[in-house]
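Here the structure comes first, spelled out in structure tokens, and everything after it is commentary.
The values are calculated or read from the model by the stated rules, or taken from the named source; none is laboratory data. All values reported here derive from a predicted model rather than from experimental measurement. Cβ placement follows ideal geometry from the backbone for every residue including glycine, while neighbour counts extend to all protein chains displayed. With ligands, DNA and RNA removed, areas are computed over all heavy atoms of the protein, side chains included. Shrake-Rupley method; radii C 1.70, N 1.55, O 1.52, S 1.80 Å.
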Amino acid sequence: MPQHPIQERDWTPHFPSLDQGAVLVDLAARRLAYWGPGNSTYRDYPIGVPSAPELERRGTTEIVRKKEGPGWAPTPNMRKRNPEWPEYVGPGPDNPLGTHALYLGWTYYRIHGTHDTRKIGRRSSNGCIGLYNEHISELFKMAKIGTQVLLI
């Protein structure tokens, strides 16, 4: 699969080391950079970001869980805004989390795929970071539980 780098970013201002790899989410640039353990791999992906600044999270967390074929349930705040939404959507083409999800240390916040490719490169999510399904599949295989994540 071809890479989509805009540039190979320097990780050193953002992370103390790459012993377990690192993910940098640049909300303004709408890009996600991944460095493999020991700087063994570099990837850069376009992303969809939260639709409004109040839905954004910034700071440091880590990948705490990984799920292939995730199910999705709207958060309580999403249900308040959209009571017509289903309580749960199982894995498949109608699932807003796409084919894979990386769960972060913040409740309700994920890096995940999407079947709606129009969302990538735009302000389009209810808070999560979305990637093309082929990109999240690649990232899912490389990133391990415990990988540090920084959203700026």
- prompt: Rolling a 1.4 angstrom probe over the protein heavy atoms, how many square angstrom per residue are accessible across the chain?
  reply: 51
query: Any idea what % of Cα-Cα pairs in segment 93-136 are farther than 11 Å?
result: 60
message: Can you sort 125, 40, 51 by solvent-accessible area, 1.4 Å probe, largest first?
response: 40, 51, 125
statement: Quick shape check on the chain: root eigenvalues a ≥ b ≥ c of the Cα gyration tensor, a/c under 1.5 is rounded, otherwise prolate if a/b tops b/c, else oblate, and it reads prolate
Theoretical FRET efficiency, 1/(1+(r/R0)^6), r = Cβ-Cβ of residue 126 and residue 8, R0 30 Å, to 0.05: 0.45
statement: Relative contact order of the chain (C-alpha contacts under 8 Å, at least 6 apart) in percent is 30
- line: Percent relative contact order for segment 31-79, counting Cα pairs under 8 Å at least six residues apart, stands at 21
Label-point gap, in nm, between residue 85 and residue 65 - each point 7 angstrom along Cα→Cβ: 1.8
query: Taking a ≥ b ≥ c as the square roots of the eigenvalues of the Cα gyration tensor of segment 45-102, is the shape rounded (a/c under 1.5), prolate (a/b larger than b/c) or oblate?
result: oblate
task: Give me the lysines in straight-line cross-link reach of residue 141: C-alpha distance below 19 Å, same-chain residues under 8 apart excluded.
output: 66, 67
- prompt: Just how large is the dipole of segment 1-90 about the Cα centre, in debye to the nearest 20, putting +1 at every Lys and Arg Cβ and -1 at every Asp and Glu Cβ?
  reply: 240
- request: Averaging sequence separations of C-alpha pairs under 8 Å and six or more residues apart, then dividing by the length of segment 90-152, give the relative contact order as a whole percent.
  value: 29
- line: Within segment 66-152, DSSP-loop chymotrypsin sites (Phe, Trp or Tyr not before Pro) with at most 11 other C-beta atoms within 10 Å are 88
message: Can you compute the modelled spin-label distance between residue 41 and residue 54, with each label point 7 Å from Cα toward Cβ, in nm?
response: 3.9
- request: Quick one: which residues, 5 or more positions from residue 42 or on another chain, have an amide H under 5 Å from its amide H? H modelled 1.01 Å from N in the peptide plane, none for Pro or chain starts.
  value: 36
